[in-house]
Every structure is written in C-alpha cells, then in structure tokens.
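Visitor: Pasting a structure below so you can have a look.
The values are calculated or read from the model by the stated rules, or taken from the named source; none is laboratory data. Owing to the predicted nature of the structure, the values given are computational and were not obtained by experimental measurement. Cβ placement follows ideal geometry from the backbone for every residue including glycine, while neighbour counts extend to all protein chains displayed.
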Amino acid sequence: MSSSVIADAGGDGPLTRAWVLHPDIRSNPQDDGARAPEHALEEAVALADAMPGLEIIGSEVVRLPRPHPGLLFGTGKIEELKERFAAQEIELVLIDGPVSPVQQRNLERKLKVKILDRTGLILEIFSDRARTREGVLQVEMAALSYQRTRLVRAWTHLERQRGGLGFVGGPGETQIEADRRAIDEQLVRLRRQLAKVVKTRELHRKSRAKVPFPIVALVGYTNAGKSTLFNRLTGAEVMAKDMLFATLDPTMRRVELPPSGFEVILSDTVGFISNLPTELVAAFRATLEEVLSADLVLHVRDISHPETEAQAEDVNAILDSLGLSREIPLIEVLNKLDRLDPDAARAVHNTAERKADVFAVSAITGEGVAPLLEAVSEALAGARKTEAVQIGFEAGRKRAWLYEQGVVDEERQTEEGYVLKVTWTAKQAAQFAKL
C-alpha cells in the first residue's frame with residue numbers, strides 16, 4: 001500500500017515499534033464467546049509478526065463493556081495507554097478489530113501514534129506477499145476500497161473546497177469528493193486490467209482441464225501446516241513458515257500417489273482466518289476458485305491449537321459461503337501430531353480411527369502421511385464410475401473432448417454413431433453434459 005505506516009523491511013532501516021491491542025467488547029452481539037480473548041490476542045500478535053518491518057514491543061487485551069462511538073476506548077484507558085506508549089516510544093498501534101474512520105482519526109490525535117486496524121494490517125501483509133499479477137491487482141483494489149472509506153482521516157478539514165466550473169451556482173466539489181472520485185476512477189482501471197488477467201487464467205484452467213488428472217485442493221486455517229504438507233507430498237519448496245499467511249498465491253504440482261501410481265494435481269491455497277473482511281476473501285478468490293473446481297478437498301487442521309474446533313468452523317463457514325458443492329468429497333487432516341504429548345496424540349489417533357474420512361498426521365515428521373495418500377487414491381478412484389456413452393456422428397467435439405480427458409476405455413461404431421465406454425468422475429460427467 002502506498003500509504004504504508006510500516007518500515008521498509010527490504011532495507012536495513014530501523015524497525016517500527018508496535019503495540020497490539022485486542023478489544024474484548026462484552027456487549028458485541030456478534031461475539032458468541034467461541035474464542036477466548038487471550039487466544040484472539042495471540043493470533044493478532046502472530047498477524048503482526050507476519051508483517052516485516054515491525055518490532056512488537058508489547059500486547060494486551062482491553063476489556064470494554066461497550067465501544068465508545070468516537071474513541072473506541074474510554075478516556076481513562078486512553079490516558080493510561082498514552083503514557084505507556086510515550087514511555088515505550090511506540091510508533092504504531094495495531095487494534096485487532098474494526099476501527100471506524102472517525103475513531104481512527106481521534107485515537108491518532110489522542111495517543112500521538114499511528115493506528116492500524118485488523119483489516120488494514122491484513123491488507124499490508126497481503127500487499128507484501130502477493131506475487132501473481134492477479135493477486136497484486138486484487139490487493140490494490142481491496143486497499144483502494146478500504147482507503148475510500150477512510151478519506152475522513154486524510155482530510156480533517158472537510159470544509160475545504162475547490163471552485164466549480166461555474167455552470168451551476170453554489171459551492172464547488174469538496175476535496176474529499178475529488179479524492180473519492182479519483183479512487184473510483186483508479187478502481188475502474190484496475191477492474192479492466194483484472195478482467196484481462198482473469199480471462200488469461202481461465203484459458204490456463206481450460207488447458208489444465210484437458211489433462212486427465214484430478215485436482216486435490218489443500219484448505220485450512222492460516223498456519224495449519226498446508227504448505228509443509230504440500231512440500232512433503234510434492235518435493236516442492238513452497239514457502240512454509242510458522243507464520244500467518246505464508247502462502248497467498250495458488251501453487252499447483254503434479255503428484256504420483258503411492259502405492260497405486262495414480263497421478264493428481266495438488267493445489268495449495270491461501271489460509272483462512274476469522275473475521276476476514278469480505279473484500280479480502282474476494283481479493284483471493286483466485287486461489288479459492290481452485291477449491292471449487294477440485295475433485296477432492298483436504299481440510300488441514302492444526303490439531304495442537306487450543307481453538308482448533310473454532311478454526312475448523314471458520315473454514316467450513318467460508319467454504320459454504322463460496323458455494324463448495326457437497327458432492328465434492330472432503331478429507332479432514334489432523335496435522336501437527338508432533339506438537340502433542342503422547343497421551344494427546346493417542347487421543348487424536350483414536351478420533352481419526354473412528355472416522356473413515358479423518359486422518360492424523362505430522363507434515364513435519366511424515367507420520368500418518370502414507371495412509372492419508374492411500375485414502376486420497378481410494379477416494380478419487382471411488383469417485384470414478386464406468387459408463388457407456390452414445391453420441392452421434394455429428395458430435396465430433398464431444399468425442400474429441402472425451403479423448404482429451406483420457407477417460408475412454410473402448411469405442412465401437414454403430415449405425416447411429418459411436419458408443420464409448422468411459423471411466424470418469426462426476427465432475428467430468430457434468431462437464432460433458434454441458435458440451
């Protein structure tokens with residue numbers, strides 16, 4: 001983001017001294033109590049750690065009966081924080097939650113520090129990590145949309161105006177309106193560029209669809225170990241760190257599944273996170289679309305995390321909102337066994353053994369990976385069925401498509417056309433029906 005408040009991590013300059021606050025708002029009707037505020041703060045600090053250029057000096061939970069409309073926090077708490085930030089020479093305060101433009105402006109005035117809310121921080125991380133052209137464009141659009149709502153912060157003297165053209169009486173266009181119009185024009189330009197990039201990606205997807213390999217998509221909460229598992233299965237070297245949002249852009253590799261030798265395309269995707277703003281989900285729909293076109297989904301969970309159940313619910317909610325078909329089989333992968341003590345690991349193994357579509361693994365040590373791969377192979381083989389398809393002589397395109405997909409077992413000619421014996425997935429059958 002052009003207006004970044006974070007030090008340039010690429011140089012040797014000083015780090016930005018930052019403090020993380022998690023407002024624990026008791027009166028928030030959206031707070032269902034599923035997450036402990038201490039764990040929410042831990043995740044917020046991990047988010048801040050994922051952003052280069054920051055030095056996290058401290059963090060705390062701020063309990064509030066209700067948010068102050070103009071300042072978020074009460075005046076007594078603000079004075080306490082102001083003294084602490086001054087003593088610690090804090091330059092940036094990260095507030096783990098939504099902060100309105102007015103609250104942000106007022107807090108910056110009172111506390112004498114820069115303020116960044118959860119959405120702003122995630123945007124900074126995405127901006128730093130996006131590598132593909134589409135990812136970069138989507139981040140720019142999300143950042144502009146976010147900045148558009150916060151123009152009040154940039155222009156506190158709202159009465160400032162520029163002269164109109166003189167055709168109509170009355171005051172001219174305010175500066176804030178001019179800035180908003182400039183952002184809207186830039187958004188239009190970015191959408192045009194994005195449309196071209198998306199069209200190119202669709203062509204790539206169509207060419208990939210001609211390859212007769214099923215797609216297996218890895219999904220999960222951020223930092224659940226998807227990229228580590230991806231690397232173990234593919235031998236690739238995708239960035240895999242103990243860090244939130246280590247993977248943003250889609251990564252795909254061909255994998256041969258033991259012991260069958262069955263070949264699949266494995267896709268690593270962006271990690272999900274609680275309270276992810278909708279514009280950011282849209283910003284990375286490129287990776288999530290790979291999930292929608294998958295033949296099998298592996299939901300990777302960090303079983304060692306104290307709130308693994310809540311994280312799983314967040315992932316399932318996002319998959320539902322994306323419209324993931326219930327027909328696509330899903331295997332749950334309970335990862336990070338290596339972080340559990342022996343008793344806890346045995347309990348996880350027992351849980352997995354009781355369910356056919358749940359597997360306990362350690363992507364780090366490789367424990368449990370072989371049975372998982374066998375299950376993936378069986379699930380994909382089981383998802384295929386053999387049928388006879390009859391097409392007329394005039395349906396040359398359909399016949400060619402079947403051969404491109406590599407699903408034809410045998411063919412014979414009749415007076416009416418061709419009868420082909422095919423072994424295919426439900427997805428390929430649906431695609432054929434649309435031709």
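Visitor: What pairs can you find where one residue is in the range 410-431 and exposed (fewer than 14 other Cβ atoms within 10 Å of the Cβ), the other is in a strand (DSSP E or B), and their Cβ atoms are less than 8 Å apart, with a gap of 6+ or different chains?
Guide: Glu410/Leu420; Glu410/Lys421; Arg412/Tyr418; Arg412/Val419; Gln413/Val419; Thr414/Gln390; Glu416/Gln390; Glu416/Gly392
Visitor: Output the residues belonging to the range 359-370 that are part of a loop (DSSP other than H, G, I, E, B) and of a type in the set (Val, Ile, Thr).
Guide: Step one: of the range 359-370, the residues part of a loop (DSSP other than H, G, I, E, B) are 361-368.
Across the range 359-370, the qualifying residues are Val361, Ile364, Thr365.
Visitor: Going by what's in this entry, would Ala224 be described as among the small types (Gly, Ala, Ser) and at pLDDT 80 or above? Write out each step before concluding.
Guide: Values: among the small types (Gly, Ala, Ser): yes; at pLDDT 80 or above: yes.
It is true that Ala224 is among the small types (Gly, Ala, Ser) and at pLDDT 80 or above.
Visitor: Only one residue in Arg232, Arg191 is surrounded by 16 or more Cβ atoms within 10 Å (Cβ to Cβ), assigned to a helix (DSSP H, G or I) and either modelled with pLDDT of 75 or more or of a type in the set (Asp, Glu) (or both), so which one is that? Before the answer, list the steps.
Guide: Details: Arg191 fails: surrounded by 16 or more Cβ atoms within 10 Å (Cβ to Cβ).
Unique residue meeting the criteria: Arg232.
Visitor: Related question: Of all residues in the range 410-432, which are among the aliphatic types (A, V, I, L, M), outside any strand (DSSP E or B) and either in the same structural domain as Glu378 (by TED's automatic domain parsing) or in contact with a strand residue (DSSP E or B) (Cβ under 9 Å, 6 or more places away or on another chain) (or both)? First the steps, then the outcome.
Guide: Start the filter on the range 410-432 by keeping residues that are among the aliphatic types (A, V, I, L, M), which leaves 419-420, 422, 426, 429-430.
Remaining after also requiring outside any strand (DSSP E or B): 426, 429-430.
Scanning the range 410-432 gives Ala426, Ala429.
Visitor: Does Glu38 count as acidic (Asp, Glu) and at pLDDT 90 or above?
Guide: Details: acidic (Asp, Glu): yes; at pLDDT 90 or above: yes.
Yes.
Visitor: Could you tell me how many of the residues in the range 85-107 are in contact with a strand residue (DSSP E or B) (Cβ under 8 Å, 6 or more places away or on another chain) and in contact (Cβ under 8 Å) with a residue 40 or more places away in the chain?
Guide: Here the count works out to 12.
Visitor: Please work out which residue is modelled with the lowest pLDDT, limiting yourself to the range 387-405 and to residues that are outside any strand (DSSP E or B) and among the acidic types (Asp, Glu). Lay out the reasoning, then the answer.
Guide: To start, the set of residues in the range 387-405 that are outside any strand (DSSP E or B) comprises 393-405.
Narrowing the set further to residues that are among the acidic types (Asp, Glu) leaves 394, 404.
Values: Glu394: 92, Glu404: 84.
The residue in question is Glu404.
Visitor: May I pose another question? Out of Ile122, Ile90, Ile78, report the one residue that is out of contact with any Asp or Glu (no Cβ under 6 Å at 6 or more places or on another chain) and part of a loop (DSSP other than H, G, I, E, B).
Guide: Every option except Ile90 fails the conditions.
Visitor: Looking at the range 371-386 only, could you name the residues that are surrounded by fewer than 12 Cβ atoms within 10 Å (Cβ to Cβ) and either modelled with pLDDT of 90 or more or not in a strand (DSSP E or B) (or both)? Walk me through it before giving the result.
Guide: Narrowing the range 371-386 to residues surrounded by fewer than 12 Cβ atoms within 10 Å (Cβ to Cβ): 382, 385-386.
Listed by number, the list holds a single entry, Gly382.
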